[in-house]
1. Restricting to segment 2-155, what percent of DSSP beta bridges are antiparallel, rounded to 5?
2. Which shape class applies to segment 2-155: rounded if a/c is under 1.5, otherwise prolate when a/b exceeds b/c and oblate if not, where a ≥ b ≥ c are the square roots of the Cα gyration tensor eigenvalues?
3. Taking 0.36 nm per residue of separation and subtracting the Cα-Cα distance, what length does fully extending LEU252 through ARG218 add?
4. Of the cross-linked pairs LYS53/LYS184; LYS153/LYS357; LYS170/LYS357, which ones have a Cα-Cα span greater than 22 Å in the structure shown?
5. Given a cut-off of 18 Å, name the pairs among LYS248/LYS318; LYS8/LYS142; LYS109/LYS142 whose C-alpha atoms lie farther apart than that in the structure shown.
6. What does the charge dipole of segment 2-155 about its Cα centre add up to, to the nearest 20 debye, if the Cβ of each Lys and Arg holds +1 and the Cβ of each Asp and Glu holds -1?
7. Quick one: if you stick a label point 7 Å off each Cα along the C-beta vector at ASP179 and GLU72, how many nm between them?
Amino acid sequence: MEITILCKVVDNYGDIGFVYRLARNITELYPDTELRLVVSDLPSFAAMAPFVKEGLARQSARGWQIFDWNKEDVCTEEFSRRIPDVILQCFQCERPEWLDRILFDPEQKKIVRIVNLEYLTAESWADDFHLLKSGTRSILVKKVNFMPGFTKKTGGLVMDSSFLSSLQNKEAALKTIQDDLMAKAGTRSDASSGISSVVSANGQKEAEADSVQALRDRNTFCVTIFAYKRNFTHVVGALKSFMEERQKENPLFRIHAFVAAGLACSPFEEAWKEEGCPFAITKLPYLSQEAWDALLCSSDFNFVRGEDSFARACLCGKPFVWHAYPQDEELHLVKAGAVLERMESFFEDKELFGFLKEYFLLYNTRYDTRFYDEEQGKECQTTEKESQGKERESCEKKAVEKEPGEREPSEKEEELLLKLLKSYPALSKACTDFSKSLIENGNLTRHLMEFLGRQEWH
């Protein structure tokens, strides 16, 4: 079978992260499948897959043919010569104009199957939307919708072998992280170019190996930070308070934060310095996808953003907070609220779940406009179903309503996060049980390939 995968990158790493993982898993499980990847942003792809070359219109790697979406002449020649059997159209991306001209050419007589692979959502409509057929303007171009998701009525989540290895074997995960950091060590220059450096609680630089040692040390509580631009004052404050409380019982207890390269790095470091550098941090380079998975599996608490890291955080079984892709009028709060609904049944302590829900929604509310610029605003334009409006307003109201005498949102965030950290064992158990339920739903890749093999699609 030949499959063409389309990826128009919007959120730098979430979109291409999913596509890269899916391609790897298809090749792992179905090595005879021929893959052609058409990607709009090769630099983002190369950041997590170092074998990808940024400037090439066409390249071969890992047995795949990779094309630059924007190179119309090269793509038109290739796909006119070999019209796709199956097209995976990821995240409602519009097809390139050059591809539509090929598919809907009156002289084109081949049946082409298009699978619209939707964004991951926990909303209930995903169950009903999964495998629904969609019309096109040609009887020869057949289209169906395929939903990643959190129930057996959806396609589930991708579970590639590298991720599962890191999930099941911590030493293997730590080796993956260390190998990736060491491989990048010779290419570093400074923080602005995305280097990695380890800075201790007293502000002194430490050896690279100390990062991996922190993940191995039972007295060190490791936190991963990957987010959009926002105020991290409350996160640093809560982590500092949590560390100080735990040190009363265990003087060896430490916090170590792993801060991903990107939008969140500078504001997190700024908040950390304002608080007096209370714990060690590692400013990470752009990790390979395999090393990033290993880090999420090895950390104790994960702050994540984006499609792919969100799915990994759900599967890791570690407590996490998801920074949903910011949308106009806070529409993303609907998505955040839907995740919480899926998680609620796994919490025996309903008061604890209440803290998580309140914190999760508040964390996703853009109350501090200093950390939301016009450029990021334009980046976050999107459309949603009008029917979500009332639900969105409800989530937004619950998240930001402030009673007389109540604390400011940032102070409230710190208080809620500290409550969650203090209840870590119960929080961890609930997240572990949630992840087990997702793994039981099966692998999206197998579900997708089995569907493509069904007779009614031929």
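1. On the way: 6 of 31 bridges.
Antiparallel bridges make up about 20 percent of those DSSP assigns within segment 2-155.
2. Details: a/c = 1.68, a/b = 1.09, b/c = 1.55.
Oblate is the answer for segment 2-155, as a/c is 1.5 or above yet b/c matches or exceeds a/b.
3. On the way: separation 34, 0.36 × 34 = 12.24 nm, distance 0.96 nm.
Separation in residues times 0.36 nm, less the Cα-Cα distance, equals 11.3 nm.
4. On the way: LYS53/LYS184 16 Å; LYS153/LYS357 25 Å; LYS170/LYS357 29 Å.
From LYS53/LYS184; LYS153/LYS357; LYS170/LYS357, over 22 Å: LYS153/LYS357; LYS170/LYS357.
5. Values: LYS248/LYS318 25 Å; LYS8/LYS142 21 Å; LYS109/LYS142 13 Å.
Beyond 18 Å: LYS248/LYS318; LYS8/LYS142.
6. Details: 21 positive and 23 negative charges, 86 e Å.
It works out to roughly 420 debye.
7. Between ASP179 and GLU72, the simple spin-label model gives 4.3 nm.
Here, each number is a calculation from the coordinates, and none is a lab measurement. Bear in mind that the values here come from a model prediction, so they are computed numbers and not experimental data. Cβ atoms come from the backbone with ideal geometry, glycine included; neighbour counts cover every protein chain shown.
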